[in-house]
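Have a look at the structure below before the remarks.
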Amino acid sequence: MNLKYALKCYKKIFKNPRDVDAWLDLANYFLEINLPLLTINHTFSAGLINPRDKRVYLIRAEAFAKIKDYLHATIEIINLLLIERRPNPEIIRDYFNVVWERKRELEKKLFERVREYYLTGKYSTLFP
């Protein structure tokens, strides 16, 4: 993707501000050129238009992970699991334990395990 592509996306957005695909294309562009804060901003706009679009949460989770904010990235995937009606009480318990412990390495491990659970359906708890 290049700058011309981003300008096309902006043009689509100006013509139709409710075009979720244009917002998400632009967010993906910013994620690819390593501007995660702009990515997060544009996914919030897309999320306001269609809060059930799963791509919004996936892109936002990756953007939060790029800025090493693993707790917010984990929350985005938990939101996605709730939308899909696949909640896992162990994930919620581990999330609150990690918040309580406040250890950066645990935050990253939790994010990786929750992302793996979303993709494969298998989850191994951090705290036995």
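Built from the Cα atoms of the chain, the convex hull projects on average onto 7.9 nm², one quarter of its surface area. A full extension of the chain between LYS4 and ARG52 corresponds to an added length of 14.4 nm, given 0.36 nm per residue minus the alpha carbon distance.
Report the gain in length on full extension from PHE14 to ARG85: 0.36 nm times residue separation, minus Cα-Cα distance, nm rounded to one decimal. Numbers along the way, then the final one.
Values: separation 71, 0.36 × 71 = 25.56 nm, distance 3.44 nm.
Extending this stretch completely gives an extra 22.1 nm.
Considering only GLU76, GLU101, GLU62, the Gaussian network model of the chain with Cα springs below 10 Å gives its largest mean-square fluctuation to GLU101.
For the chain, the longest principal axis of the alpha carbon atoms and the long axis of helix 70-83 meet at an angle near 80°. Comparing ASN34, ASN88, ASN16 in a Gaussian network model of the chain where C-alpha atoms under 10 Å apart are linked, the largest mean-square fluctuation is found at ASN16. The angle separating the long axis of helix 3-15 from the principal Cα axis of greatest extent in the chain is about 80 degrees. Across segment 100-110, coupling constants 3J(HN,Hα) worked out from phi with the 6.51/-1.76/1.60 Karplus curve, θ = phi - 60°, read 5, 6, 6, 10, 4, 5, 5, 4, 5, 4, 4 Hz, and Gly and Pro carry x. Of the cross-linked pairs LYS66/LYS103; LYS66/LYS109; LYS4/LYS54; LYS54/LYS122, those separated by over 23 Å at the C-alpha level are LYS4/LYS54. Per-residue ellipticity at 222 nm from helix content only, as computed over the chain with -39500 (n - 2.57) for each DSSP H run of at least four residues, stands at -24500 deg cm²/dmol.
Roughly speaking, what is the stretch gain from LYS66 to ARG102, that is 0.36 nm per residue apart minus the C-alpha to C-alpha distance, in nm to one decimal?
Numbers: separation 36, 0.36 × 36 = 12.96 nm, distance 1.90 nm.
Full-extension gain reported as 11.1 nm.
Per-residue 3J(HN,Hα) values for segment 84-89, derived from phi via the Karplus relation 6.51 cos²θ - 1.76 cosθ + 1.60 with θ = phi - 60°, read 7, 6, 10, x, 10, x Hz in sequence order (x marks Gly and Pro).
Rule-based calculations on the coordinates, nothing more; no lab input. None of the values given here were measured: they were computed from a predicted structure.
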